[in-house]
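Encoded as structure tokens, the structure appears first; notes follow it.
Any read-out appearing in this document is the output of simple, stated calculations on the displayed coordinates, not a laboratory observation. From a predicted model like this one, the values you see are computed outputs, not experimental measurements. Counting neighbours? That spans all protein chains shown, and the Cβs are built from the backbone with ideal geometry, glycine included.
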Amino acid sequence: MNPTNTSTIRILGIDPGLRVTGFGVIEKSGNRLAYLASGCIKTDAKANLPTRLGTIHAGLNELLAQYKPDQAVIEIVFVNVNPQSTLLLGQARGAAITTLVAGGVEVAEYTALQVKQAVVGNGHADKVQVQHMVRRLLSLPGEPSPDAADALACAIAHAHGGQGMGALATKGFRIRNGRMILGKTEERKQ
């Protein structure tokens, strides 16, 4: 076996939102990260909720078909000040997760704190700091939009976490309240 032979993993990062869902696609080959694409899926604010969720679903299906990611990572959403906004955001996140799982892609989840810690080194970094570090880590010619930067940051955090929580998230573990726990299928086996 050749020790220089490394596999390439394609990771799709998702920053869920009902109005704007950010996405970012990177490849990890050994310790090297390569940028492939990023952008936003925007929904019509005047459309009803099912139509907006359908737009997110259709947009993610297009990304799955075009980029064929091996893994996906999505940010975990916590309760906001406005309960109605939190519920809507949760539905957008649910639509995204369902689309990814139905597309046969493994899905990992990280909190915003974990993503910022992995990418910036500070779990309380602001959006500008995240954008700047994403640009530097992926050698981008300019700053990505905030939503695309957050999605790329999710993918980077997962790629960097390959020796830690990222690898475990795909081996029956999941993250709850910032702690790693066994997934339900693993709990039943024991």
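Working note: Karplus 6.51/-1.76/1.60 with θ = phi - 60° gives region 7-15 the couplings 7, 9, 10, 9, 10, 9, x, 10, 10 Hz, where Gly and Pro are set to x.
Partners of K46 within straight-line reach, counting aspartates and glutamates whose Cα lies under 14 Å from its Cα and excluding those fewer than 8 residues away in the same chain: none found.
The listed peptides 137-149, 9-21, 38-50, ordered by packing as a protection proxy, come out as 9-21, 137-149, 38-50 (highest mean of other Cβ atoms within 10 Å first). Across region 117-128, rounded Karplus estimates of 3J(HN,Hα) from the backbone phi angles (6.51 cos²θ - 1.76 cosθ + 1.60, θ = phi - 60°) give 4, 5, 8, 9, x, 9, x, 10, 5, 8, 4, 5 Hz, Gly and Pro being marked x.
Put a dot 7 Å past the Cα of T8, heading toward its Cβ, do the same for L49, and the two dots end up 4.2 nm apart.
From least to most packed, judged by other beta carbons within 10 angstrom and beginning with the fewest, E109, E62, E75 follow the order E62, E109, E75. Between N61 and K127, the modelled labels are 3.0 nm apart [label points 7 Å from Cα along Cα→Cβ]. Largest first, the three principal axis extents of the alpha carbons in region 31-81 are 42, 29, 16 Å in whole numbers. For region 94-163, a Kirkwood radius taken over Cα pairs fed into Stokes-Einstein (4 °C, viscosity 1.567 mPa s) yields D = 103 µm²/s. Whole-Hz Karplus values for region 40-50 come out as 9, 9, 10, 9, 7, 4, 8, 7, 6, 4, x Hz, taken residue by residue from phi with 6.51 cos²θ - 1.76 cosθ + 1.60 and θ = phi - 60°; glycine and proline positions read x.
Among Y110, Y67, Y35, sorting on how many other beta-carbon atoms sit within 10 Å of each Cβ, with the fewest leading, yields Y67, Y35, Y110.
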